[in-house]
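The values are calculated or read from the model by the stated rules, or taken from the named source; none is laboratory data. Since the structure is predicted, the reported quantities are computational estimates derived from the model, not experimental observations. Here Cβ is always computed from backbone atoms with ideal geometry, including for glycine, and neighbour counts include all displayed protein chains. Please note that ligands, DNA and RNA were not included when accessible areas were found on the heavy atoms of the full protein model with its side chains. Shrake-Rupley method; radii C 1.70, N 1.55, O 1.52, S 1.80 Å.
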Amino acid sequence: MSDTTRFALNGEAVESQAGPMARLLDVLRTEFRLTGTKEGCGEGECGACSVLVDGTVVCACLVPMVQIAGRSVETIEGIAHGVDLDPLQEAFISEGGVQCGACTPGMVLTARAFLDKNPNPDHSEIREHLAGNLCRCTGYVGIYRAMERVIADMQGDAS
Ligand code: FES
Ligand code: FES
């Protein structure tokens, strides 16, 4: 089995020599220096390492590189546009959804993927969808408020 894995990373074609069983999380952080993706539990339980693979949220701590060949990976570094943050990132900051920041990249990516598919969820749907992303600091209130603000802004833009 070849050690080379070719895939798209934040819109650019890349290749990794880390080997087929290397964890995507380690490849992102050490080979590509994309340290926005965090390691929490390392066991698929906390969501800190969430990234998007072909638009679906996955735990990068559980994914071997062999499963990434030919796929498209998006990390937190890929959702801003230069110095312009994604509206969710802005809202997390302004609504108090960030404290230590360990959960934030995974939380924002999970929220972004959810809102791209469900632009107008209610509060209980937001809570349910973010249930796999654990936060020890914020009590979640600022996180939910940030999401609801972005949803309200999107609805306002659409009217
Ligand atoms: Fe991957 Fe916790 S570090 S789910
Ligand atoms: Fe610290 Fe969520 S802000 S874990």
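So the values come out like this:
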item	result
Candidate set: the stretch 103-134, residues that are within 17 Å of LEU85 (Cα to Cα) and polar (S, T, N, Q); chosen: the one nearest to ligand 2 (Cβ to nearest atom)	THR104
Tally, over the stretch 129-152, of residues that are in a helix (DSSP H, G or I) and either more than 20 Å from ALA102 (Cα to Cα) or not charged (D, E, K, R) (or both)	12
Inter-residue pairs, beta-carbon under 7 Å, first in contact (Cβ under 8 Å) with a residue 24 or more places away in the chain and in the stretch 17-33, second open to solvent by less than 20 Å² (accessible area, probe 1.4 Å) and in a helix (DSSP H, G or I), 6+ apart	ALA18/VAL27; ALA18/MET65; GLY19/MET65; PRO20/MET65; ALA22/MET65; LEU24/MET65; VAL27/MET65
Extreme residue, surrounded by the fewest Cβ atoms within 10 Å (Cβ to Cβ), among residues of the stretch 110-134 that are within 15 Å of GLU95 (Cβ to Cβ) and over 14 Å from the mean Cα position of the chain (by Cα)	HIS123
Number of the exception - ARG71 against (1) open to solvent by 40 Å² or more (accessible area, probe 1.4 Å); (2) closer than 20 Å to ALA146 by Cβ; (3) of a type in the set (D, E, K, R)	(2)
The stretch 74-103, residues that are without any contact (Cβ under 8 Å) to a residue 24 or more places away in the chain and crowded, with 16+ Cβ neighbours inside 10 Å	GLN89, GLU90
Residues located in the stretch 83-101, provided they are over 15 Å from the mean Cα position of the chain (by Cα) and within 16 Å of ligand 1 (Cβ to nearest atom)	CYS100
Matching residues in the stretch 6-24 - criterion: being farther than 19 Å from GLY55 by Cα and assigned to a strand (DSSP E or B)	GLU15, SER16
Top-ranked residue in the stretch 51-66 [being within 13 Å of the chain's Cα centre (by Cα) and within 13 Å of ligand 1 (Cβ to nearest atom); ranked as most open to solvent (accessible area, probe 1.4 Å)]	VAL57
Qualifying residue in the stretch 34-50 (condition: away from ligand 1 (no atom under 16 Å from the Cβ), surrounded by fewer than 22 Cβ atoms within 10 Å (Cβ to Cβ) and either on the phi > 0 side of the Ramachandran plot or not in a loop (DSSP other than H, G, I, E, B) (or both))	no
Identity of the residue in the stretch 135-159, open to solvent by 80 Å² or more (accessible area, probe 1.4 Å) and without any contact (Cβ under 8 Å) to a residue 40 or more places away in the chain, that ends up farthest from ligand 2 (Cβ to nearest atom)	SER159
Answer residue from the stretch 30-73, given it is in contact with a Lys or Arg (Cβ under 8 Å, 6 or more places away or on another chain) and among the small types (Gly, Ala, Ser) and is nearest to ARG112 (Cα to Cα) among those	ALA48
